[in-house]
């Protein structure tokens with residue numbers, strides 16, 4: 001497995017905390033598409049979005065998710081990044 005620095009440099013999640021939308025800024029634009037998964041603290045998959053990010057930014061609608069701390073897994077091919085997001089209601 002490649003590390004985050006091999007293909008996605010400087011992943012930034014904003015705003016922190018999020019309430020309705022979560023923006024994922026990728027340090028390097030990934031035209032092939034990115035899979036983003038949000039897991040709750042119990043390890044349950046709560047959201048999965050796959051889309052191209054030609055400008056290096058993905059926007060996720062998190063308004064339907066309950067408030068809490070989430071693990072955000074970002075995949076592009078064999079590259080995996082893990083971040084933490086807080087959603088408040």
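Whether any residue in the stretch 72-79 is modelled with pLDDT under 90, part of a loop (DSSP other than H, G, I, E, B), at negative phi and in contact with a strand residue (DSSP E or B) (Cβ under 7 Å, 6 or more places away or on another chain) is what I want to check.
Yes, there is a match, as at least one residue in the stretch 72-79 is modelled with pLDDT under 90, part of a loop (DSSP other than H, G, I, E, B), at negative phi and in contact with a strand residue (DSSP E or B) (Cβ under 7 Å, 6 or more places away or on another chain).
Taken over the stretch 32-43, the criterion of being surrounded by 12 or more Cβ atoms within 10 Å (Cβ to Cβ) and at pLDDT below 80 is satisfied by 33 alone.
For the stretch 48-70, enumerate the residues that are outside any loop (DSSP other than H, G, I, E, B) and farther than 15 Å from residue 17 by Cβ. Let's see the steps before the verdict.
If we filter the stretch 48-70 for residues that are outside any loop (DSSP other than H, G, I, E, B), which is where we start, we get 48-53, 57-61, 68-70.
Within the stretch 48-70, 48, 49, 50, 51, 52, 53, 57, 58, 59, 61 qualify.
Of the residues that sit in the stretch 38-47 and are in a strand (DSSP E or B) and touching a residue at least 24 places away in the same chain (Cβ under 8 Å), which one is farthest from residue 25 (Cα to Cα)? My answer is 46.
Quick one: in the stretch 47-71, which of the residues that are under 11 Å from residue 34 (Cα atoms) and surrounded by 14 or more Cβ atoms within 10 Å (Cβ to Cβ) is modelled with the lowest pLDDT? Spell out the reasoning first.
Start the filter on the stretch 47-71 by keeping residues that are under 11 Å from residue 34 (Cα atoms), which leaves 48-54, 56-58.
Checking the rest, the ones that are also surrounded by 14 or more Cβ atoms within 10 Å (Cβ to Cβ) come to 49, 53, 56, 58.
Values: 49: 94, 53: 75, 56: 82, 58: 89.
Here the answer is 53.
The values are calculated or read from the model by the stated rules, or taken from the named source; none is laboratory data. Quick caveat, the model's predicted, so the values are computed rather than measured. A quick note on method: Cβ atoms are made from the backbone with ideal geometry, for glycine too, and the neighbour counts reach across all protein chains shown.
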